[in-house]
Every structure is written in C-alpha cells, then in structure tokens.
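Engineer: Pasting in a structure now, in structure tokens, and then I'll have a few things to ask.
The values are calculated or read from the model by the stated rules, or taken from the named source; none is laboratory data. Please read these numbers as outputs of a predicted model, since none were measured by experiment. Counting neighbours? That spans all protein chains shown, and the Cβs are built from the backbone with ideal geometry, glycine included.
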C-alpha cells in the first residue's frame, strides 16, 4: 500500500509528537520528520489520516516507544558531568540525611535514564556516600524507549561507557566478562527500571513528595515550552520540600518555574525545591540584569529605548509599557497614568537623574515593595547612588520573591566586589550568567575580576564571551543597566581588557 504525506500531514505529525512525548522540532528538522512519518506509515500499512488520528487521540504506547527510539539521543556514559555527582555526594545527600535521620530512607529518580548509566552512577554514589547499612535508598529510573531499558536491565557495558570512571571505582563495582564490564549485583538491585513518559501526568510516577532527588538531564531542553512548564510543575510537586533537582548544563528553570532555589557548588548548578510551592503562573516574568560602570567617561545614553519587555523576556503587558517607545511616545496605557507608576522613575534613570528616580521609587505605595520589578529598579538606583548595603538588602528581598532573578545576583556581585569579597562577587556573576546566558555584563564583570586576580586565561575566556554578547545586547538593557555607558564604550572596555590579558579582541 503506497501512501504519501503532505506538508500539512507532517505539521500534524510534529504537533502530535510535541503533545504526546513533549519533543519540539524546528523547521530545520522538517525533512527528518517527513522521512520518519513515511517510514511509520509504510511499516504500519495504514492511511495517513488514520495514523495521525490515532497518534493524536489514543497514542498507543508501542507507537510512542517507536517514535522515542527514532527521535531521542541515547548516547551517555557513567558519571557524565561528574561535578553534579560530586555535588550530590558532598552537598545534597548530607543535607537530606540530616533531615531524614529519623526514618533513614531516601528516594531518587532518574528521569530519561536511557540505557542506565546515569541511574547506576547514582546508585554507586549513594553506596560510596552512605556507609551506614541501615539506610534504605531506592532509585527509580524511567525512559520512554523500551530498547534502552532492556540494555539498562542487562547492566553490561563497554569500556568506553566507563571512560570517566576512576580506576578504583571501576575495580570495586564492575567485573570484566570478555570485552564487557558487568555491574555489581548489589548496585543493580538498588535501581528499578520502567517505562515512563515525562510529557504525561502519570499519578503513579508523580506522587506528591515521592522523591528526595531527581536527575532529569538533557531532556527538557527538547520540550515545547508549554510541555516543559507542565513537566517541571509535576517534578516540583513530586519532590519533597527541600529536595534537589539536577538538570543538564545547558538547561535552566529561568522563566519556567518559581518553585526552586538555585544552588551552586562543586563548579556546577542545581536546584533545591522551596518549602512551599506557588501556583503555576501563565505570565512568568524575568528580571533584567544590572551593570554599573567601573572605568572610563560616561557616554551619552541612547536616545531611544526598546520596550521593557525586550529586556525582560515573557514579561506581562503591564511591564511592557513602563518605558517610552522608540518614537518617544508613551503607550496608550500611560497617556493617563495611575496615581503611582514605575515609568517616571525609568524616565529619570534614562536622563541620569538618579536621586530623583530613587525618590520616586521610595514614594511608592506599600504594595510596591512586594513587586519584583519595583525592587529590581530600586536596587539598580541604590547601587548607582553607592548605597550598596541598601542595594544588597533590596536584592535579598527581591530573591525571596524571585530566586532565579539574574539582575539581583548581578547587583549582589557588584556589592560584594565593593565590600572586598571578589570570590563571592564572581559567584554571583556566575549565577547571573547561568540564569541568563545572553547577558553580557556578568561575563564582563567576572572577566575584570579575574584579570585583577591575575587569572589571565580565565579573564580572556569571560571577556571574549562578553564581547560577543555585548555586540548583540538589547538597547533597553544597555540603557537601564549600563551605568550611562554606551555599547561602544563597553565594547572598548572589553577589548582593552582582553588585550591587557594577552588576547586578541
């Protein structure tokens, strides 16, 4: 039976994949999806309309598994990104054990476990970190791909899969069998494998407070935004208060969830669930970062500004109206302003009238002190006015409202530098850069701190990244957080610092 899919069929196929297993594919993958759809139609000997309707409505588990085999990347290895396993062993587990001393029980989940290397790495870490045999530790591992789960159950691996495993750990927990390495049976019994779909609300999988630690690495980055938010909300509910979430290095909860505190130790980032969850919001807003200038004469501020929403991704329409548009005219919402609004403070900041802007922010109603946008602008103005202790206190209050606020962490970096604590300043810079990878200022600041400390290689790396980002930096961010310096002035500063460190700008 010969069938041929049209472009609209492939669009339906792509939408069904996003809905059923969460994976999102851009237009550049259209040909791949078209080829896959043709193969599935040919193998099933069914009509295009019938196949797509089945996928959209019932989505048979066997078909979802077949699609997962085709569309997911299963390559992994033991102790991949070992810094996260070190953070688990030396930071997360000790903290959890202090809180579970009475029951001596821990539960971990490896979500998207592929062929088992991650789940078994967790089991080895637990065995190494918890010497007391009275502790009961259970590790659950799920994946949508049954072929990968079958390989995981065999627990037989090549030497290449153990390439990051220290020799003493390998010798302790594996035995050679011809060309394969077989995992210790004791470790194998710690892990239970099963099929699971992260895009589905499975009550048995996502029981409230079921897990103390969840590893979900390099999975959510492929999800459609709405599927990602829903999956993270389920993860947050399934974690016990104070439980830990480890994501892939390229993944962040910025703009996705307010339910976690960001942690940084052992040269890696991870998250800890807050004690109380907030209702999932549909208008999650982001805070823009701050920079105060350190050297060189101020340049005239840009004559126009993009909308505030361009500086704060996914912000609400209310925030989008806070600064004038490029033509200098206010949005209709500001033609007849309310008794108190933030926009005048931003106008004053735009004209470098910092004292007046700060007075306006301070004159706000009591409820303004619970507004993250107001607190961010207040912190900016306090830092501009060298009221660093007050700026730092405002940042801490802001982080209680939005723990993933990149701007707050950057202001804290500046405050810590002025307090003579460059190491803590760089820590906040790294947090800000992780939360907003497109934000140039923490890279620039971190590079300048590294140069001052004599770390020329580290300085060059940070400054080179800052230089690339500065060339694309949003006009509104430069206006609001550039300390009166233009893009060209900041780029010149960055280039000069790179040259001083022996690099080529």
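Engineer: Within the range 26-58, can you find the residues that are under 27 Å from residue 142 (Cα atoms), in contact (Cβ under 8 Å) with a residue 40 or more places away in the chain and surrounded by 17 or more Cβ atoms within 10 Å (Cβ to Cβ)?
Structural biologist: Matches in the range 26-58: 52, 55.
Engineer: Scanning for something outside any helix (DSSP H, G or I) and surrounded by 14 or more Cβ atoms within 10 Å (Cβ to Cβ), does the range 88-97 turn up at least one residue?
Structural biologist: So the first thing to find is which residues in the range 88-97 are outside any helix (DSSP H, G or I), and the list is none.
Looking through the range 88-97, none of the residues is outside any helix (DSSP H, G or I) and surrounded by 14 or more Cβ atoms within 10 Å (Cβ to Cβ).
Engineer: Against the definition (surrounded by fewer than 21 Cβ atoms within 10 Å (Cβ to Cβ) and under 25 Å from residue 275 (Cα atoms)), how does residue 147 come out, yes or no?
Structural biologist: Working: surrounded by fewer than 21 Cβ atoms within 10 Å (Cβ to Cβ): yes; under 25 Å from residue 275 (Cα atoms): no.
So residue 147 does not fit the description; no.
Engineer: Show the residue pairs meeting these rules: Cβ distance below 7 Å; 6+ apart or different chains; first residue within the range 84-106 and farther than 21 Å from residue 119 by Cα; second residue surrounded by 18 or more Cβ atoms within 10 Å (Cβ to Cβ).
Structural biologist: Here the result reads 100/106, each pair linking the range 84-106 to a residue that is surrounded by 18 or more Cβ atoms within 10 Å (Cβ to Cβ).
Engineer: Which strands (runs of 3 or more DSSP E) does the range 194-306 wholly contain that include 3 or more residues that are at pLDDT 80 or above, on the phi < 0 side of the Ramachandran plot and crowded, with 21+ Cβ neighbours inside 10 Å? Before you say what the answer is, go through the steps one by one.
Structural biologist: Details: elements: 211-216, 239-247, 260-265, 268-273.
By residue number, 211-216, 239-247, 268-273.
Engineer: Check whether at least one residue in the range 439-449 is more than 26 Å from the chain's Cα centre (by Cα), at pLDDT 90 or above, over 18 Å from residue 267 (Cα atoms) and in a helix (DSSP H, G or I), and report yes or no. Walk me through how you get there before you give the answer.
Structural biologist: So in the range 439-449, the residues more than 26 Å from the chain's Cα centre (by Cα) come out as none.
No - not one qualifying residue is present in the range 439-449.
Engineer: Among the numbered criteria (1) at pLDDT 80 or above; (2) touching a helix residue (DSSP H, G or I) at 6+ places or on another chain (Cβ under 8 Å), which one does residue 337 miss?
Structural biologist: For residue 337, the failing item is (1).
To keep it simple, each residue is scored yes or no on (1) more than 23 Å from residue 70 (Cα to Cα); (2) within 27 Å of the chain's Cα centre (by Cα).
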{"site": "141", "(1), (2)": "no, yes"}
{"site": "154", "(1), (2)": "no, no"}
{"site": "159", "(1), (2)": "yes, no"}
{"site": "168", "(1), (2)": "yes, no"}
{"site": "172", "(1), (2)": "yes, no"}
{"site": "177", "(1), (2)": "yes, no"}
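Engineer: So, residue 110, is that one surrounded by fewer than 21 Cβ atoms within 10 Å (Cβ to Cβ) and within 25 Å of residue 208 (Cβ to Cβ) or not?
Structural biologist: Working: surrounded by fewer than 21 Cβ atoms within 10 Å (Cβ to Cβ): no; within 25 Å of residue 208 (Cβ to Cβ): yes.
Answer is no for this residue.
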